[in-house]
Structures are given as C-alpha cells and as structure tokens.
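One structure is given here, and the rest of the page talks about it.
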Amino acid sequence: MNASRSRYWVLLGSLTLSGLLAGALIASVAVRSVAERQLGDAEFLRKRLEQLDGQSPAAAAQPALVRVALAQQKKIQPQRSIVGRLIEIKKATVASEVTGRITQMPVEEGTAVMEGETLLAQVDDVWCRLAVEQARAKVASTEAQLKYELIELTRYGELKEKNAISQSEIDSKQAQVAELQANLAEAKAVVEQESERAIRSAIYAPFNGTVVEKHAELGSHVSLGTPIVDVVYRGQVDARLMVPESVINLVHVGRSLPIQIDPLKEKVVGTVVSITPYGPSASRTFPVRVRLDDAGGRIKVGMSVTATIATAAEHEALVVTRDAVLIRPDGSTVWVALRGEDGDTVTVQPVPVTISARMHDEYAVEPETDRGRKLLTAGASVVVEGAERLTPDQQVRIVTLEEQPAEVAKANAGVEQSAPAPSSDHTGRPAKRQES
C-alpha cells in the first residue's frame, strides 16, 4: 500500500514538472515571435524613435548642483609650513654649595621663582657659623702676637744701634714678624671663606623661571654638588624648527617668522636667533631657533608649533581656492561655470591647469591650453563643490549657502539667475539654502 502511494506521488510530480517546462518553452517561443514581428515592423520602429527624440534633456538628466567661487589675479608669496616644538631658552640644575641638612624648602614643582629673591632651599649653617667664630678667634690671636713681635722688633733695632745684639738676631725677629703677618692674612681669608659658605647655605633662584623638578626634600642631607631643583627660564621661549636644506638659505638671523601655537590655535611672530650649520645627514635638515614672548605664561615648553617660511619672492598670479582644483594622477583640473546664450542655463567646462604655488587655502594655477587661458581668467566662476562627477558641457545649478562669504556670493551673482531667498520655511525654521 505504501509503495503504491509513493509511486503515485512520484508520477504526479513528474507530470507537473513536465507541464511547467512545456509552458515555459511555449511562452519563450511566443515572446520571440512577437519581438521578431516588431523588429521587422518599420512603422513600429519609426514611432519608437520619435518618442525617444521627443524626450527633453532635462527629463533625461537633471542639472547637477554646484557651488562656485571667484578666480582672482593678485600678489602671492609661496610659503611652506614646518612643524617644530617649543623648548626652554635656558635650564639650570641648582645644586648645594655646602654640606648639611635641608631645614627649609618652600618651593614645589611649578612654583614661579624670581632671580636672587626666591629661596629654593636653606641648608643648616650651624657648622659654618661656628667655623666663622673659630676663624675670627684665630685672627685676634694672630694680631696680638704680631703686635708684640713688632714692639720687640723695634727694641731689637735700638739694641743693635748700641751693638748689644747681632744682626742675625734682628733677622730672626723680622722673620717671626713676617710669619705672623702671613698667618694673620690666612686667618682673615678663612673668616671670609666661612662667612661666604654661611651665606651660600641659603640657595636662591639663579634667574626668573619655574621649578620643573625637585631632586631633594626637606630634611635631606646634602653635600657639595648635590642637585636640589631644576629651574627653566620664564618670560621667553624658543621654537625649535628642523628646516629642510631646500629652504634653509631663505632663513636668516634677525628675520621675523610667523609661528602658530597649535594647541592654542594662536599665531605669534618670532625672531630667528640662531641657525645651526650642522644637522642630521639622514633628514637633511638644520636646527633653527625662533625666539617668542611667553604671552603671560600661556605658551609652554613642549607645545607643538607650525612655522610658515616664504619660499619665493612676492609676485602676481591667478589664484583660486584650494577646493576648486581637482588633483588626480593624470593632472589637475579646474571646472569653469559659463552662462549660456539664453542667459538662463549654466554649463561647465574643464580647464587643465598646472599648480605653480600652494598657499594655506589657495593655489596659484596656470592654464595649460590656449582655450583654457580664455576660459579661466580673473573674475571667472570656478566650481568649488560638486565637481567630482561633472562632464563637459553639462548643465549645472548653482547653490548658495547662507553661511558662505560675501565674496563668493558676488561670484555666484555673475553666473546664476537671481532668486529671492526665503527667510524661513512653513515651519518657521530658517531656510538652509537658496537655489537658482
């Protein structure tokens, strides 16, 4: 019973599949027959061509939306940006000049110090003071002995006149006086030395600056030459630039250079103070130091900076915004927007150009062909947005953003059909853009 039912279902499936295949074959034969009749019908083909010819270009492809800017003829000076960092003008490791225990240390890392006024550390000077007292006692003792010997020398002179003593006794007494005079001078020098050591037990800042590191703490025992703190100069700072060999001869000591402090996004002007005529052979660069004002302490050592160095003399050139130049492996292109004869349509044409100079946000360009020199002139409108997929003679529609600069709006006015911009939409929100 089960075997008969299985054969039934297999037979039913085979018949169904055969029917589907037969239907598909009949349908394909019918479609092919209709297509052959249409291709052979001249009247049908003529009507279809008329329909295609009657279709407008605007229906086939909508104009592309672009933004434009104005090409300008103006003076430029090619520049090059060089990245560097801020370094200290001078840094000192202040060390102890005496031996003893630190009894005072009122500074911490980051403390601003004044030259000769701010106490960095006080070393116990008790032994220095005792040494001074001992040296002064030595001076007093030597002075007393010298005074007595001078009186004796005078008496010896009187006795020599009476031939009561010999000349050798007088010479001996004079030698004793000379020795005492030398001892007195030595004792006085010891007094000055110990007094100076006592004075130098108080360690003061060597220049105006900031404590950046401590090497000792309160209660530490220090000896001659033990580091106490590190102090960096405050008031001015240097920008250290590694200038390539191609432009190093354009930089001179005393020349002013614009410097941008990258973290602060501020521009300042510095003065070149040194050029080291020796640099790493691998990078072929030379160290240059540019002196900057500290700007109230806002400019800090270690910040990154970008310097701008002029690489050529100032000269006239045709300049377009950087966004107007499409740079590709096969060359650079600027798309120029042109008004049609009817005054309503705007088309674009590509102009191959050579970039002669690069500025921060502008390029100086030179058209490569005679036709390009006629199209791309001062005052021409060039596409700055939407040029990636344009084709020659393609119609475009210029879009003006409300946030754009005024000079761009003037450039657009020369090629686009003016239309009032609504101040707001039906919801009351400000309009975002205006199309023409």
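Across the chain, the relative contact order, built from alpha-carbon pairs under 8 Å that are at least six residues apart, equals 22 percent.
Relative contact order of the range 125-200, taken over Cα pairs closer than 8 Å and 6 or more residues apart, is 56 percent. Simple spin-label estimate for GLU245 and ARG322 gives 2.8 nm between the two label positions (7 Å along the Cα-to-Cβ direction from each Cα).
Spatially, the range 93-163 and the range 215-270 are offset by 40 Å when compared through their Cα centroids. Each residue of the range 226-241 is assigned a 3J(HN,Hα), and the resulting list reads 5, x, 10, 8, 10, 10, 10, 5, 10, x, 9, 8, 10, 9, 9, 10 Hz, derived from the Karplus form 6.51 cos²θ - 1.76 cosθ + 1.60 (θ = phi - 60°), x at Gly and Pro.
Rounded, prolate or oblate, given the Cα gyration tensor of the range 127-194, with a/c below 1.5 counting as rounded? It is prolate, given that a/c is not under 1.5 and a/b is the larger ratio.
With the Cα gyration tensor of the chain in hand, give its eigenvalues times 5 under a square root as the equivalent ellipsoid semi-axes, listed largest first in whole angstrom.
98, 35, 21
A Cβ-based charge dipole, computed about the Cα centre of the chain with Lys and Arg at +1 and Asp and Glu at -1, lands at about 1660 debye.
I'd like the Kirkwood hydrodynamic radius of the range 237-310, using the inverse of the mean 1/r over distinct C-alpha pairs, in Å.
12.7 Å
Put a plus charge on the Cβ of each Lys and Arg, a minus charge on the Cβ of each Asp and Glu, and nothing anywhere else: the dipole of the range 237-310 about its Cα centre is then about 20 debye.
For a quick check of your reading of the filter: which GluC sites (Glu not before Pro) in the range 323-371 sit in a DSSP loop and have no more than 11 other Cβ atoms within 10 Å?
Numbers: sites: GLU341, GLU362, GLU368; in loops: GLU341, GLU368.
Filter output for the range 323-371: GLU341.
Residues of the range 251-269 falling in the label zone of ASN208, defined by backbone nitrogen less than 20 Å from a point 7 Å along Cα to beta-carbon, are 269.
Residues of the range 197-231 falling in the label zone of GLN134, defined by backbone nitrogen less than 16 Å from a point 7 Å along Cα to beta-carbon, are 197-198.
Within the same chain, lysines fewer than 8 places from LYS267 are excluded, and of the rest, those with a Cα less than 19 Å from its Cα are LYS300.
Among the GluC sites (Glu not before Pro) within the range 182-272, those in coil by DSSP and having at most 15 neighbouring Cβ atoms inside 10 Å are GLU217, GLU245. Between VAL273 and GLU117, the simple label model (points 7 Å from Cα in the Cβ direction) yields a spacing of 2.2 nm.
Going by a ≥ b ≥ c, the root eigenvalues of the Cα gyration tensor, does the range 179-253 fall in the rounded group (a/c under 1.5), the prolate group (a/b larger than b/c) or the oblate group? In terms of gyration-tensor shape, prolate. Simple rule: put +1 on each Lys or Arg Cβ and -1 on each Asp or Glu Cβ in the chain, find the dipole, and look at ALA187, CYS128, LEU318; the Cα lying farthest toward the positive end is LEU318.
Going toward the positive end of the dipole of the chain, with +1 on Lys and Arg Cβ and -1 on Asp and Glu Cβ, which of SER356, GLN77, GLY219 do you reach last? The residue sitting most towards the positive pole is SER356. Just to confirm the filter: which trypsin sites (Lys or Arg not before Pro) across the range 145-196 are DSSP coil and have at most 16 other Cβ within 10 angstrom of their Cβ? Here the sparse-neighbourhood loop sites are LYS162. What you get for the range 89-210, charging only the Cβ of Lys and Arg (+1) and of Asp and Glu (-1), is a dipole of about 80 debye around the Cα centre.
Here, each number is a calculation from the coordinates, and none is a lab measurement. From a predicted model like this one, the values you see are computed outputs, not experimental measurements. In this analysis, Cβ positions are derived from the backbone assuming ideal geometry, glycine residues included, and neighbour counts consider all displayed protein chains.
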